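Here's the structure we're looking at; comments come further down.
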Amino acid sequence: MKLKTPGEIDAMAVAGKAAAKTLQRMKTVIAPGMTTMDLEEVAREELKANGARPALLGYHPRFSRVPYEFAACISVNDEVIHGQPSASKVLREGDVVGLDLVADVDGWLADTAITVPVGAINVKAQRLLSITQEALRHGISKAVAGGRMGDVSSAVQRLVERNGFGIIRELSGHGVGSEVHEEGIDVPNFGLPGKGIPLRPGMTFCIEPMVTAGNPAIKHRQGDPWAVLTRDGSIGAHFEHTVAITEDGPRILTLLN
């Protein structure tokens, strides 16, 4: 576990602002008829304009046999996370799209994600997005020094399951800072209050609820080493912030302002 100094946390916040600006730009331009590769190009351009490098481009974690070849993960409908952009994947009215990226500024990284509608979406899809985003806020509120990771995890779980949606248990948040995935910190989206690792000032990690409208069982598409899909074809939602534990409470590092 790599505890960060206040100056290092400030440096991560610079990367976080670049990441947030990039997601906001992608959200603004998304429309029916675009391809997910169109959005990938926006991500690359906006990260560069904000002085950031796309940390996912060429990223090769131990759990994958091949490097990731894009700046952003763009996941549509039943793709919950890690959808790869494609010039043949056209967005349609009513789709929901997860946008996930990691910005690198001078070697300090921040990871963030949102899920956005394409045009008008149905009531259940809109509620899924709202509840997942609210679950992220609940989790962040528990990310305080002296607490436990289970406080964060259980806050996410309770909000999601109380509203009838499914938590994907195989996937979790993670440490981040000088690497995309730093060892020593996992952030499950389920758990018990008072359990898990102690939360200490200087810890930096991603809280990222990954939630489904139906059964939370997942699968992988044949020939695709990255995308995680719902097994029953129900839509998924994914919201994420990079958070630092400070003496004054949780500091969200991936905000526009």
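Any read-out appearing in this document is the output of simple, stated calculations on the displayed coordinates, not a laboratory observation. Please read all numbers here as calculations on a predicted model, not as lab measurements. Positions of Cβ are generated from backbone atoms using ideal geometry, with glycine treated the same way; all protein chains shown enter the neighbour counts.
This table checks each residue for (1) out of contact with any strand residue (DSSP E or B) (no Cβ under 9 Å at 6 or more places or on another chain); (2) buried (at least 17 other Cβ atoms within 10 Å of the Cβ); (3) under 21 Å from Ala55 (Cα atoms); (4) in contact (Cβ under 8 Å) with a residue 12 or more places away in the chain.
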{"site": "Met1", "(1), (2), (3), (4)": "no, no, yes, yes"}
{"site": "Ile9", "(1), (2), (3), (4)": "no, yes, yes, yes"}
{"site": "Val14", "(1), (2), (3), (4)": "no, yes, yes, yes"}
{"site": "Ala19", "(1), (2), (3), (4)": "no, yes, yes, yes"}
{"site": "Leu23", "(1), (2), (3), (4)": "no, yes, yes, yes"}
{"site": "Thr28", "(1), (2), (3), (4)": "yes, no, no, no"}
{"site": "Ala31", "(1), (2), (3), (4)": "yes, no, no, yes"}
{"site": "Thr36", "(1), (2), (3), (4)": "no, yes, yes, yes"}
{"site": "Leu39", "(1), (2), (3), (4)": "no, yes, yes, yes"}
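Checking the condition assigned to a loop (DSSP other than H, G, I, E, B) and surrounded by fewer than 22 Cβ atoms within 10 Å (Cβ to Cβ), which residue from Gln133, Gln84, Gln126 passes?
Working: Gln133 fails: assigned to a loop (DSSP other than H, G, I, E, B); Gln126 fails: assigned to a loop (DSSP other than H, G, I, E, B).
The match here is Gln84.
Remark: Gly94 falls outside the filter, which requires a residue to be closer than 19 Å to Ser178 by Cα, assigned to a loop (DSSP other than H, G, I, E, B) and either touching a His at 6+ places or on another chain (Cβ under 9 Å) or not basic (Lys, Arg) (or both).
Quick check on segment 65-81: of everything there that is of a type outside the set (A, V, I, L, M) and in a strand (DSSP E or B), which residue is farthest from Met210 (Cα to Cα)? Show your work before the answer.
Initial filter on segment 65-81 (of a type outside the set (A, V, I, L, M)): 65, 67-70, 73, 75, 77-79.
Filter once more, keeping what is in a strand (DSSP E or B): 73, 75, 79.
Numbers: Cys73: 14, Ser75: 12, Glu79: 11 Å.
Within segment 65-81, the match that is farthest from Met210 (Cα to Cα) is Cys73.
Report yes if Val118 is surrounded by fewer than 17 Cβ atoms within 10 Å (Cβ to Cβ), out of contact with any helix residue (DSSP H, G or I) (no Cβ under 9 Å at 6 or more places or on another chain) and not aromatic (Phe, Trp, Tyr), otherwise no. For Val118, the condition - surrounded by fewer than 17 Cβ atoms within 10 Å (Cβ to Cβ), out of contact with any helix residue (DSSP H, G or I) (no Cβ under 9 Å at 6 or more places or on another chain) and not aromatic (Phe, Trp, Tyr) - is not met.
Quick one: in segment 179-195, of everything that is over 17 Å from the mean Cα position of the chain (by Cα) and in a loop (DSSP other than H, G, I, E, B), which residue is surrounded by the most Cβ atoms within 10 Å (Cβ to Cβ)?
Quick first cut of segment 179-195, residues over 17 Å from the mean Cα position of the chain (by Cα) only: 183-184, 191-195.
Okay, now just the ones that are also in a loop (DSSP other than H, G, I, E, B), so 191-195.
Values: Gly191: 20, Leu192: 12, Pro193: 15, Gly194: 10, Lys195: 12.
Residue satisfying both the conditions and the ranking: Gly191.
Under the condition of being outside any loop (DSSP other than H, G, I, E, B), buried (at least 20 other Cβ atoms within 10 Å of the Cβ) and hydroxyl-bearing (Ser, Thr, Tyr), the residues counted in segment 206-257 number 3.
Scanning segment 153-178 for residues that are over 25 Å from Arg62 (Cβ atoms), part of a helix (DSSP H, G or I) and either in contact with a strand residue (DSSP E or B) (Cβ under 8 Å, 6 or more places away or on another chain) or in contact (Cβ under 8 Å) with a residue 60 or more places away in the chain (or both) yields Val156, Gln157, Val160, Glu161.
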